[in-house]
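Worksheet: the structure to be examined is printed underneath.
The values are calculated or read from the model by the stated rules, or taken from the named source; none is laboratory data. It should be emphasised that the depicted structure is a prediction, and the values quoted were computed from it without experimental measurement. Glycine gets a Cβ as well: all are built from the backbone with ideal geometry, and neighbour counts include every protein chain shown.
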Amino acid sequence: MQRRLTAILAADVVGYSRLMELDEAGTLDRLQVNRRDIIVPLVGAHQGRVVKLMGDGSLIEFPSAVNAVACALAIQRAIDAGAEIRYRIGVNLGDVIVEDDDIYGEGVNVAARLQTLAPVGGVAISKTVHDHIAGRIEVVFDDLGPRVAKGGERPIHVFAYSISANPVRPEARPDAGGKPATRISVLVLPFANMSGDAEQEYFSDGITEDIITDLSKVSALSVVARNTAFTFKGKAVEVTQVAHQTGVSHVLEGSVRKAGNRVRITGQLIDGSSGNHVWAERYDRDLDDIFALQDDISRAIVDALKINLLGNERPSSGERGTTNVEAYQYYLMGRHHYRRGGRRNNSTARRLFQKAIEIEPGYAQAYAALAIVESLLLHINDPAVSLESLLAATDRALTLNDRLAEPHAAKAFALLAQGHYPAAIAAAKHAASLDPDLPEAYHVLGNALRLAKQYVEAAASYERFAILAPDDFRSLVMAIDCYRSTGSEVEARDATWRALQRLEKTIALHPDDAMTLALGANQWGALGQIEKARAWAKRALDLDPDDYIVHYNIACFHAGIGELEQAIDILEFCVPHLRAIQFHWMQQDSSMDPLREHPRFKALMERAGKIFEPTPAPKTS
């Protein structure tokens, strides 16, 4: 018996059984074409060996983890995001047993389990693989932590990357001699608030976000997204360790002290491999100079890294949207509340964005942020928001600056509310193309795809949303429904555990959030934790007995545990108060499946169907 250490790639077709049921001959033909034209040539190009092709699965080995991951990424990039056949790929580095031309053993088993945990159209890798490829692969994998692929198996520390949700960043430009330039990448750690006032946290966070945005405008520079960077907020980090973890060459850290009309910002750019300072500076300015100060910091970093800018390229706040510092501060405060999530914070953010617009009527970014907040409030039936107000904010933002991603995402929400599914999908994809790190783009894209019954693609969008918004639970709750709609119970159960981790964290911070409690009750019920689910459901109704969406989610809980009459009693109360899009959502909600054949439920849906417009046919505008 021979053993060897090797990199193993396991690939599997998403929803293969369903595809075969729908079109067996066509599915087999497309599978063969993919293998002939994409998989086998790319495996050869990366010095791999196809061990075996099993139905919809592939097992491939490589001489190195770098080759295996590079090949996995190349395969996923070669597959059209809209193709019927999509893959999940897992990569592991481990000990295998070799018998003739076959390999098996724990190293292969882990690769197969990683494949089940990969996003649709994406790649999941083990921590061992991640350690081997750090700084040698052009993409940054998201740390998903320990995951269990199937009940009873030991957790695997998983890192994942979704091709469809991460457009390829521009490669480094050649140097003057025509050779490829060294890839430069930066992680901007959240600047510490040194003002001695926790209320000023919004300002230091805002400065950090804007520096990330400014540096991202430099094509030769890869900048870690805001959502990943802010996972380090408030933590004591060792720079070389965090650089290795995120795969960057440099780390920027700093602090902000704001007092009256004066602001002091310090910054240090550190080499990620050695820990040495590349650049450090302290700036003391009047608050009125804040935009020029941010420009100075970004330019200093570019100069320190010896990056040559192309054409009109410049890392500056020239498109910040305002020169009014008071309006800017209201905008930052609004953004701070919005980032904290929940109805109350979104309502506060809305008022603050409106105040910024009142001060600066031409503030495109404030209108864009207002449109996003209003789209989310409209989705939960907030009486202060209407479709007309959302459309007005969206149109104004696009008129002022149609290069901003946020108003396009808000437009997608508005189109969705009107039943224009294809147009909503197109607007959401355009928003994602303008800003690949905008969570709301993937939120509305997932909603539109789900309502269009494109469940596999919707789940991938929701998973990307979950990565970009690490504390958000809605993304995973909606992904669960998509997984159940396609019969993907392993994925649904894994997403349920992840959602509950986020739900419990939110409840610890906001124990009076009835919506979170109602959603949590449904998830606890799905896992068989009935008494805990009942306690959460009761608290939700005690806190907000008039919220129809809260009632709807508690009805989902009762339906899931077989209490059909109680579920229908609640639905009889809340369904007449839902908006049309929520009723259309309900028509295909997998949580309603236990009720579909119940006579009372059928009668309720028939009555409701006369109140609401029929499920809209796809429109093109």
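Name the residues in the stretch 69-107 that are buried (at least 16 other Cβ atoms within 10 Å of the Cβ), in contact with a Gly (Cβ under 8 Å, 6 or more places away or on another chain) and of a type in the set (Val, Ile, Thr), would you?
ILE79, ILE89, VAL96
Quick check on my filter: what residues within the stretch 515-549 are of a type in the set (A, V, I, L, M) and at pLDDT 90 or above? Let's see the steps before the verdict.
Of the residues in the stretch 515-549, the ones of a type in the set (A, V, I, L, M) are 515, 517-519, 521, 526-527, 530, 533, 535, 537, 540-541, 543, 549.
If the condition is that a residue be of a type in the set (A, V, I, L, M) and at pLDDT 90 or above, then LEU517, ALA518, LEU519, ALA521, ILE530, ALA533, ALA535, ALA537, ALA540, LEU541, LEU543 are the ones that fit.
Pairs needed: first member in the stretch 508-527, under 13 Å from CYS556 (Cβ atoms) and not assigned by TED's automatic domain parsing to the domain that holds PHE557; second member anywhere, surrounded by 24 or more Cβ atoms within 10 Å (Cβ to Cβ) and at pLDDT 85 or above; C-beta distance under 8 Å; at least 6 residues apart or different chains.
Close Cβ pairs satisfying both conditions: none exist.
Against the conditions (1) within 22 Å of SER590 (Cα to Cα); (2) touching an Asp or Glu at 6+ places or on another chain (Cβ under 9 Å); (3) free of Cβ contacts under 8 Å to residues at least 60 places away in the same chain, where does ALA459 fall short? Just the number, please.
(3)
Matching residues to (1) over 26 Å from GLU463 (Cα atoms); (2) modelled with pLDDT under 85; (3) in contact with a Leu (Cβ under 6 Å, 6 or more places away or on another chain); (4) not in a loop (DSSP other than H, G, I, E, B):
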{"position": "ALA11", "(1), (2), (3), (4)": "no, no, no, yes"}
{"position": "SER17", "(1), (2), (3), (4)": "no, yes, no, yes"}
{"position": "VAL40", "(1), (2), (3), (4)": "yes, no, no, yes"}
{"position": "GLY82", "(1), (2), (3), (4)": "no, yes, no, no"}
{"position": "VAL110", "(1), (2), (3), (4)": "no, no, no, yes"}
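So, in the stretch 87-126, of the ones that are of a type in the set (S, T, N, Q) and touching a residue at least 24 places away in the same chain (Cβ under 8 Å), which residue ends up farthest from LEU31 (Cα to Cα)? I'd like the intermediate steps shown before the answer.
Taking the stretch 87-126 as the starting set, the residues that turn out to be of a type in the set (S, T, N, Q) are 92, 109, 115-116, 126.
Adding the requirement that they be touching a residue at least 24 places away in the same chain (Cβ under 8 Å) leaves 92, 115-116, 126.
Values: ASN92: 24, GLN115: 18, THR116: 19, SER126: 27 Å.
Applying the filter and picking the extreme gives SER126.
Hey, among ALA537, ALA508, which residue is assigned to a helix (DSSP H, G or I), of a type in the set (Gly, Ala, Ser) and closer than 24 Å to TRP585 by Cβ? Talk me through it step by step, then tell me what you get.
Working: ALA508 fails: closer than 24 Å to TRP585 by Cβ.
Residue meeting the stated conditions: ALA537.
Could you check, for the stretch 70-78, whether at least one of its residues is touching a Lys or Arg at 6+ places or on another chain (Cβ under 8 Å), in contact (Cβ under 8 Å) with a residue 12 or more places away in the chain and not assigned by TED's automatic domain parsing to the domain that holds VAL223?
Initial filter on the stretch 70-78 (touching a Lys or Arg at 6+ places or on another chain (Cβ under 8 Å)): none.
Within the stretch 70-78, not a single residue is touching a Lys or Arg at 6+ places or on another chain (Cβ under 8 Å), in contact (Cβ under 8 Å) with a residue 12 or more places away in the chain and not assigned by TED's automatic domain parsing to the domain that holds VAL223.
Consider only pairs whose beta carbons are under 6 Å apart and that are at least six residues apart or on different chains; among these, list those whose first residue lies in the stretch 270-285 and is loosely packed, with under 15 Cβ neighbours inside 10 Å and whose second residue is not hydrophobic (A, V, I, L, M, F, W, C).
GLY275/THR240; HIS277/GLN268; ALA280/GLN268; ARG282/THR266; ASP284/ARG264
Can we say PRO146 is at pLDDT below 80 and under 19 Å from the mean Cα position of the chain (by Cα)?
Working: at pLDDT below 80: no; under 19 Å from the mean Cα position of the chain (by Cα): yes.
No, not satisfied.
Within the stretch 358-373, work out how many residues are at pLDDT below 90 and either more than 22 Å from GLU326 (Cα to Cα) or surrounded by fewer than 18 Cβ atoms within 10 Å (Cβ to Cβ) (or both).
0
Checking the structure you have, find out if any residue of the stretch 32-41 is of a type in the set (S, T, N, Q), out of contact with any strand residue (DSSP E or B) (no Cβ under 7 Å at 6 or more places or on another chain), free of Cβ contacts under 8 Å to residues at least 12 places away in the same chain and in the same structural domain as ILE75 (by TED's automatic domain parsing). Reasoning before the result, please.
As a first pass, look at the stretch 32-41 and keep what is of a type in the set (S, T, N, Q): 32, 34.
Filter once more, so that each one left must be out of contact with any strand residue (DSSP E or B) (no Cβ under 7 Å at 6 or more places or on another chain): 32, 34.
When the remaining residues are screened for being free of Cβ contacts under 8 Å to residues at least 12 places away in the same chain, the result is 32.
Those still in the list that are in the same structural domain as ILE75 (by TED's automatic domain parsing) too: 32.
Yes.
Just give me the residues in the stretch 200-252 being under 18 Å from VAL139 (Cα atoms), in contact with a Lys or Arg (Cβ under 8 Å, 6 or more places away or on another chain) and assigned to a helix (DSSP H, G or I), in sequence order.
ILE212
Would you pick out the residues in the stretch 5-29 that are under 20 Å from ALA72 (Cβ atoms) and either of a type in the set (D, E, K, R) or loosely packed, with under 11 Cβ neighbours inside 10 Å (or both)? First the steps, then the outcome.
Start the filter on the stretch 5-29 by keeping residues that are under 20 Å from ALA72 (Cβ atoms), which leaves 5-16.
If the condition is that a residue be under 20 Å from ALA72 (Cβ atoms) and either of a type in the set (D, E, K, R) or loosely packed, with under 11 Cβ neighbours inside 10 Å (or both), then LEU5, ASP12 are the ones that fit.
Mind checking which residues of the stretch 555-574 are among the hydrophobic types (A, V, I, L, M, F, W, C) and touching a His at 6+ places or on another chain (Cβ under 9 Å)? Reasoning before the result, please.
Keep residues of the stretch 555-574 that are among the hydrophobic types (A, V, I, L, M, F, W, C), which gives 555-557, 559, 561, 564, 567-568, 570-571, 573-574.
Listed by number, the residues that qualify are LEU564, ALA567, ILE568, ILE570, LEU571, PHE573, CYS574.
Between ALA428, ALA423, which is in contact with a Leu (Cβ under 6 Å, 6 or more places away or on another chain), among the aliphatic types (A, V, I, L, M) and surrounded by fewer than 23 Cβ atoms within 10 Å (Cβ to Cβ)? Break it down into steps so the answer makes sense when it comes.
Values: ALA428 fails: surrounded by fewer than 23 Cβ atoms within 10 Å (Cβ to Cβ).
Criteria check complete, one pass: ALA423.
Would you check which residues across the stretch 324-361 are among the small types (Gly, Ala, Ser) and either without any contact (Cβ under 8 Å) to a residue 40 or more places away in the chain or in a helix (DSSP H, G or I) (or both) and list them? So that I can check it myself, show each step before the final result.
Here is the first cut: in the stretch 324-361, the ones among the small types (Gly, Ala, Ser) are 327, 334, 341-342, 347, 349, 356.
Of everything in the stretch 324-361, those that are among the small types (Gly, Ala, Ser) and either without any contact (Cβ under 8 Å) to a residue 40 or more places away in the chain or in a helix (DSSP H, G or I) (or both) turn out to be ALA327, GLY334, SER347, ALA349, ALA356.
Okay, residues lined up against (1) at pLDDT 90 or above; (2) within 30 Å of GLY90 (Cβ to Cβ); (3) in contact with a strand residue (DSSP E or B) (Cβ under 9 Å, 6 or more places away or on another chain); (4) outside the structural domain of GLY135 (by TED's automatic domain parsing):
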| site | (1), (2), (3), (4) |
| --- | --- |
| GLY177 | no, no, no, yes |
| VAL188 | yes, no, yes, yes |
| ALA192 | yes, no, yes, yes |
| ASP197 | no, no, yes, yes |
| GLN200 | no, no, yes, yes |
| SER222 | no, yes, yes, yes |
| THR228 | no, yes, yes, yes |
| GLU253 | yes, no, yes, yes |
| ASN261 | no, no, yes, yes |
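Check off (1) farther than 25 Å from ALA459 by Cβ; (2) surrounded by fewer than 17 Cβ atoms within 10 Å (Cβ to Cβ); (3) small (Gly, Ala, Ser) for ALA537 and give me the number that stays unchecked.
Of the numbered conditions (1) farther than 25 Å from ALA459 by Cβ; (2) surrounded by fewer than 17 Cβ atoms within 10 Å (Cβ to Cβ); (3) small (Gly, Ala, Ser), the odd one out for ALA537 is (2).
Of all the helices (runs of 4 or more DSSP H) wholly in the stretch 362-433, which have at least 2 residues that are free of Cβ contacts under 8 Å to residues at least 60 places away in the same chain and more than 24 Å from the chain's Cα centre (by Cα)?
Working: elements: 364-379, 387-400, 405-417.
The helices (runs of 4 or more DSSP H) meeting that bar are 387-400.
Restricting to the stretch 440-460, what's the tally of residues that are touching a Gly at 6+ places or on another chain (Cβ under 7 Å) and either surrounded by 24 or more Cβ atoms within 10 Å (Cβ to Cβ) or closer than 16 Å to PRO422 by Cβ (or both)? So that I can check it myself, show each step before the final result.
Here is the first cut: in the stretch 440-460, the ones touching a Gly at 6+ places or on another chain (Cβ under 7 Å) are 456, 458, 460.
Right, trim to either surrounded by 24 or more Cβ atoms within 10 Å (Cβ to Cβ) or closer than 16 Å to PRO422 by Cβ (or both) and you get 458, 460.
Qualifying residue count, the stretch 440-460: 2.
Give me the residue from the stretch 42-70 that is part of a helix (DSSP H, G or I) and not aliphatic (A, V, I, L, M) and, out of that set, nearest to ILE8 (Cα to Cα).
Filtering the stretch 42-70 down to residues part of a helix (DSSP H, G or I) leaves 42-45, 65-70.
With the extra rule that they be not aliphatic (A, V, I, L, M), the set shrinks to 44, 67.
Details: GLY44: 15, ASN67: 10 Å.
By that ranking, first place goes to ASN67.
Can you confirm whether VAL91 is in contact with a Ser or Thr (Cβ under 8 Å, 6 or more places away or on another chain), closer than 24 Å to PRO146 by Cα and either modelled with pLDDT under 90 or not β-branched (Val, Ile, Thr) (or both)? Spell out how you get there, then give the answer.
Details: in contact with a Ser or Thr (Cβ under 8 Å, 6 or more places away or on another chain): yes; closer than 24 Å to PRO146 by Cα: yes; either modelled with pLDDT under 90 or not β-branched (Val, Ile, Thr) (or both): no.
The answer is no for VAL91.
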